[in-house]
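Report on the structure given below.
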Amino acid sequence: MSISDIIKPRKEVLQDAIEGIIDLANLDDPKKRKIEARPETFFDLTYATTDIRRVLSMLDQRFGAKGEAPGLFLFEGLKGSGKSHLLLLVYHLVSSPTTAQAWLARHGITCRLPTDAVVVVNKFTDLPLYSIWDFVFTRLTGKRPERAVVQPSLEEVRTALGDRRLVLILDEVEQGIRVIADPAVRAQNVAFLQMLSEWGSRTDQVTLFASIYSDHEEPGSTLKRVPRCDVNFAMGGNGGTSNARLADRAHVVLHRLFENYLSFDAARAEGVVDSYLNGWRRQLTVDGDARALLFQTYPFSPDLLDVILRRVPTRGGFQNVRGALGFLGHMVRLHHDRVDLLTPAHAPLLDREVATRLSDLDAGGDLITHARSNIDELKDYPLASEISSATMLYTLTGTGRNIGATREEILRSVLAPATDVNDVERTLLAFQKYASHFHLQEGRYYFDLEENADAKVEFRSLRIDPDGRKSRDLLHSIWKDELFREPNAVVFHSVDDTRSTLESLEKDRLRYVLAPRRLTSSERHDLYFGVSLRNQVVLLEPKDASFDLDRNADLLKWAQRILAAQDLTSTAREVSRKQEYDRIGREDRKHVLEALRRAGLIYVRFESYGTSADLDRIDEEALGASSAKDDVLTALSQRIFPVQLFEEHLAQRVADLRDRTVRDIDQEYRNTISFPVPTHATSVTKAIRALAKSKKLGVCHPKGNFCGEDPGLTETEIVSASISDPFDSSLTQLDLTPASAGSGASPSPAPSIPTVPGVPPIVLPNGGTVASSALEVAVLPQASTALLRQEIAAKLANLGDALRVRRARFTVFVDQTVGDLSGLPAPLRGSLSGPGALAADITITKEGEFTKAEIETMAERLPVLTKAEYGARLDVTGVIVSEGL
């Protein structure tokens with residue numbers, strides 16, 4: 001059932017032909033097309049308000065009961081408030097008595113009026129005059145008097161009027177007085193009106209009706225000193241209380257819009273009214289008199305009439321009843337055949353005429369424009385138009401703290417019997433969240449020119465695909481760069497992509513893989529397969545087993561908002577807007593960082609790496625509250641892989657380490673996935689130093705051999721040292737250089753060296769003896785094989801021919817940029833040629849029993865490489881233990 005099924009709209013309402021403006025100048029319309037010139041039509045459209053009844057009662061007293069009724073009727077109010085309508089009513093009551101009596105009878109009003117009155121009407125905005133008495137005398141005498149500055153006397157007026165009655169109706173009288181340029185003439189006109197009104201207070205022969213805007217300017221300020229009947233059309237004026245006047249205006253509007261309003265049977269709307277009330281009662285508190293009030297205002301809701309007839313005029317909009325008629329008439333025209341009750345929700349902002357009429361309350365028009373933009377953005381939400389329309393009406397008509405609509409007012413506006421309240425709540429939340437000019441403050445929803453930056457960011461974020469790469473890449477970047485803070489890291493995408501990225505990272509330190517979720521055993525196994533220096537890859541996964549960064553709805557939403565804030569910041573023109581968007585982006589980043597911290601980290605450690613994932617043994621090491629790289633590194637190096645662990649692991653493998661360089665061992669630990677992870681460049685060397693100091697292994701270097709002490713080598717030097725079995729370092733560093741001839745120095749006594757069991761001492765030609773004992777001779781690197789041979793000869797010179805070398809280790813080290821690789825020996829370069837660089841560390845070991853001469857020959861036969869360094873380490877038997885004669 002629709003409104004038109006219950007109450008009948010007037011034809012002119014549906015045809016958009018409402019004549020809301022009463023213009024007394026239209027009385028002279030010769031074709032009688034205007035309602036002012038058609039008394040029957042005018043009376044049919046006129047509702048007998050409280051003000052009308054009071055005026056007619058005073059007139060009845062004046063002409064019928066011969067009472068003490070005044071002769072001056074002063075109508076005060078703004079444009080569109082009904083002054084002209086009341087003046088026109090008086091005119092037709094006097095000028096069309098037959099039609100008038102029928103109307104009076106229909107409304108049960110008694111008003112005895114003169115039948116011989118001369119009615120003089122003038123609207124001063126259309127017919128400005130030099131003097132008011134000109135048209136009065138013209139109407140009374142049929143001819144225009146000569147122009148004079150001084151007003152006619154009372155006697156002259158009596159003479160012209162005779163025994164007739166004069167009804168003088170003046171509209172817009174202030175304008176008529178204001179446009180008289182001569183102050184003297186202007187004063188004479190005011191005095192003439194005062195004379196007539198005072199004469200009317202003494203007799204019923206002259207009755208004056210005048211409409212004014214205010215009694216604070218002429219002629220109102222003068223006329224108010226005369227006994228009169230005042231009708232103040234302002235709300236709460238002397239025509240009754242504001243509620244009574246509001247009820248009158250409601251009746252006027254309803255009567256003008258619906259042709260059967262006076263005979264309307266309220267029982268026909270009973271079903272509609274009760275269904276709405278029942279729906280409202282389920283969601284909010286309904287006053288006890290709500291039902292009676294709905295019947296009085298039907299087909300409009302009480303809220304709608306309150307907004308249009310009370311709140312709008314308070315804001316100075318719509319030109320009072322005149323504007324209300326046009327606005328409400330348009331609403332009827334839009335919805336009469338589709339809805340059964342009109343509320344503030346039925347003033348759609350997307351309708352051009354509604355927006356145009358409301359612009360009277362929105363001076364710049366920007367607020368309506370912004371609201372329409374928000375509606376368009378949220379048009380897919382149910383009731384978006386209705387909620388925004390109601391909110392805008394309450395926004396534009398509110399003052400002070402009453403700007404905007406409460407939740408109850410919105411519910412009463414949009415809740416129809418078939419409406420799902422969940423749709424209302426969902427759309428309200430959407431407006432709060434996404435509409436950039438929709439606000440909620442102190443329980444009131446309203447539109448405002450000030451942009452709701454957070455809502456604008458939220459709405460812009462909807463354009464960004466949460467499942468797209470852009471959102472995930474941002475989260476990965478925040479995790480890696482802002483929380484973990486390590487460039488040598490990669491966030492896991494897929495096994496292949498992650499392995500490829502790992503190979504591009506720096507390999508001389510730890511590389512980190514940040515897994516956004518717990519990886520499967522197959523993914524873990526495949527990730528490490530074939531990766532270079534794979535024991536330097538640290539796999540970190542969320543401590544929260546249910547966490548998945550790439551599918552976490554909150555994190556993805558924050559990422560969308562951050563990206564939206566960045567877009568808006570880049571396009572905003574105002575600095576304050578840029579700052580607001582930037583603030584929102586920073587806050588959402590904080591949310592992301594906090595969520596990632598709460599997710600925590602664990603380290604995935606391989607106890608053994610099998611040929612397949614099923615054969616892997618993995619431990620998940622807790623890292624406490626670690627979330628940044630520095631904290632993770634501290635936990636790894638101090639708690640999971642301390643130096644002591646390396647010492648224990650190396651000590652168990654001394655036999656495997658013999659004769660290997662520290663560089664080789666370090667590389668082995670960086671490659672072997674189940675070994676302790678070297679977290680620092682010195683993780684292995686520190687452990688080797690500790691083991692050498694504790695005599696669990698020996699460290700051999702051209703600068704010296706160390707066991708039982710911390711090797712006196714730099715980090716650069718120690719990596720080229722080799723590992724040996726433990727030894728007594730006091731027996732390996734002998735000065736084998738003979739004393740200088742002729743020095744006169746006494747030979748130093750030979751050290752007491754324990755002999756090797758089963759090997760008898762060797763007797764030298766000079767009578768000395770050589771005990772069979774192990775001795776290691778180190779020869780520092782030389783620039784050529786020739787220099788190496790000379791240095792070996794010098795080192796072994798005083799040992800005589802009894803010397804035997806059990807093992808000789810020669811080292812060749814080269815690190816150079818080669819002009820052309822083809823100049824190098826083929827075994828070193830293969831078939832490569834052209835510009836290049838070569839770095840090589842060659843160790844050649846010979847074992848047996850070699851004489852000094854044989855060792856020197858070996859030195860000369862080493863590979864000859866440009867800019868190479870040649871060194872040697874010799875295990876010698878046969879040491880001088882006693883001197884001969």
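The values are calculated or read from the model by the stated rules, or taken from the named source; none is laboratory data. Because the structure is predicted, anything quoted here is derived from the model rather than measured. Virtual Cβ from ideal backbone geometry, glycine too; neighbours counted across all protein chains shown. With ligands, DNA and RNA removed, areas are computed over all heavy atoms of the protein, side chains included. Shrake-Rupley method; radii C 1.70, N 1.55, O 1.52, S 1.80 Å.
List of remarks:
- Carbon + sulfur, % of accessible area of the stretch 1-99 - ligands and nucleic acids excluded, 1.4 Å: 49 percent
- Between E594 and R807, the simple spin-label model (points 7 angstrom out along Cα→Cβ) gives 6.5 nm.
- To the nearest ten degrees, helix 683-693 and the longest principal axis of the Cα atoms of the chain are 30 degrees apart.
- If you take the alpha carbon atoms of the chain and fit the smallest convex hull around them, that volume is 306 Å³ per residue.
- Once C-alpha pairs closer than 8 Å and six or more residues apart are averaged by separation and normalised to the residue number of the chain, the relative contact order reads 7 percent.
- Ranking by accessible area, most exposed first, for W558, W479 with a 1.4 Å probe: W558, W479
- Between Y512 and A489, V490, V538, the built amide H atoms are under 5 Å apart, and every one of these is 5 or more places off in sequence or on another chain.
- In the assembled protein chains, D340 presents an accessible area of approximately 30 Å² (probe radius 1.4 Å).
- Amide H contacts for S724 (H built 1.01 Å from N in the peptide plane; partners 5 or more residues away or on another chain; cut-off under 5 Å): D659, G698, V699, C700.
- Across the accessible surface of the stretch 405-503, with the other protein chains kept in place and a 1.4 Å probe, carbon and sulfur atoms take up 44 percent.
- Solvent accessible area, Å² - S674, 1.4 Å probe, full protein context: 50 Å²
- Of the residues I18, S504, L540, the one whose Cα sits farthest toward the positive end of the charge dipole of the chain, with +1 on the Cβ of Lys and Arg and -1 on the Cβ of Asp and Glu, is I18.
- The distance separating the Cα centre of the stretch 123-180 from that of the stretch 284-330 comes to 42 Å.
- The stretch 535-634 - percent of accessible surface contributed by carbon and sulfur, probe 1.4 Å: 44 percent
- Per residue convex hull volume, Cα atoms of the stretch 309-389, in Å³: 91 Å³
- Ranking N260, G288, A210 by how far each Cα lies toward the positive end of the dipole of the stretch 186-288 (charges on Cβ) leaves A210 at the top.
- Overall shape: oblate for the stretch 1-75, with the ratio a/c of the largest to smallest alpha carbon gyration tensor axis at 1.5 or above and b/c at least equal to a/b.
- All aspartates and glutamates inside 13 Å of K11 as judged from Cα atoms, apart from same-chain residues fewer than 8 positions distant: E19, E259
- Working value for the stretch 594-725: equivalent-ellipsoid semi-axes of 32, 18, 11 Å, each the square root of 5 times a Cα gyration tensor eigenvalue, largest first.
- The alpha carbon centroids of the stretch 12-41 and the stretch 190-217 are separated by 28 Å.
- For the stretch 271-285, backbone phi angles converted through the Karplus equation (6.51, -1.76, 1.60; θ = phi - 60°) give residue-by-residue couplings of x, 5, 4, 5, 5, 5, 4, 5, x, 5, 4, 5, 10, 7, 7 Hz, Gly and Pro being listed as x.
- One Cα centroid belongs to the stretch 395-444, the other to the stretch 60-98; the line between them spans 45 Å.
- Calculated from backbone phi, Karplus (6.51, -1.76, 1.60) coupling profile of the stretch 375-389 in Hz, x at Gly/Pro: 5, 4, 5, 10, 5, 7, 7, x, 6, 4, 5, 5, 5, 5, 5
- Rounded to the nearest 20 debye, dipole of the stretch 462-564 from Cβ charges on Lys, Arg, Asp, Glu: 140 debye
- Per-bin percent of Cα-Cα distances, the stretch 647-687 [5 Å]: 5, 23, 37, 29, 6
- Net dipole in debye of the stretch 133-197 [+1 Lys, Arg Cβ; -1 Asp, Glu Cβ; about Cα centre; nearest 20]: 160 debye
- Sparse packing (at most 10 other Cβ atoms within 10 Å of the Cβ) combined with a DSSP loop state is found for the following trypsin sites (Lys or Arg not before Pro) in the stretch 443-552: R463.
- For the chain, the solvent-accessible area with a 1.4 angstrom probe is 46 square angstrom per residue.
- Considering only W479, V339, L428, the residue lying farthest towards the positive end of the dipole of the chain is V339, judged by Cα position with unit charges set on Cβ.
- Its relative contact order, with pairs defined as Cα atoms under 8 Å and 6+ residues apart, puts the stretch 351-487 at 20 percent.
- Net dipole in debye of the stretch 165-211 [+1 Lys, Arg Cβ; -1 Asp, Glu Cβ; about Cα centre; nearest 20]: 120 debye
- Loop GluC sites (Glu not before Pro), the stretch 354-446 (other Cβ atoms within 10 Å of the site Cβ: 13 or fewer; DSSP): E442
- For the stretch 44-180, the spread of Cα positions along each principal axis, largest first, Å: 47, 35, 26
- Cα-based shape type of the stretch 421-546, given that a ≥ b ≥ c are square roots of the gyration tensor eigenvalues and the cut on a/c is 1.5: prolate
- Semi-axes of the equivalent ellipsoid for the stretch 198-330, Cα gyration tensor, largest first, Å: 38, 16, 14
- For M1, M331, the ranking by accessible surface with the largest value first comes to M1, M331, using a 1.4 Å probe.
- Cubic angstrom per residue, convex hull over Cα atoms of the stretch 635-709: 87 Å³
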